């Protein structure tokens, strides 16, 4: 399952994402994140993320655009690894 959360700056996107992740953590899932959480989590390793190496995990990626995703380049060969 993939959940995308979008909205304007300061609207609570990261807070909502954290609340969702905490509910999964409470049910026994591992939580992986690229931002600080106040419950146990693993720091996101982007290489593992790209290679789908996380099991039974909830992965939080805040500010995805910082990883080089650009809508104008989305159909370029650069993103082949994300196309199944």
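Read the figures in this text as sums done on the coordinates, not as results from a lab. Quick caveat: nothing in here was measured; it's all calculated off a predicted structure.
Overview of values
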| quantity | calculated |
| --- | --- |
| Relative compactness, region 19-67, computed as alpha-carbon Rg over 2.2 N^0.38 Å | 1.09 |
| Segment residue 26-residue 66, length gained on full extension (0.36 nm per residue, minus Cα span) | 11.5 nm |
| Additional length obtainable on full extension of the chain from residue 36 to residue 53, 0.36 nm per residue less Cα span | 4.0 nm |
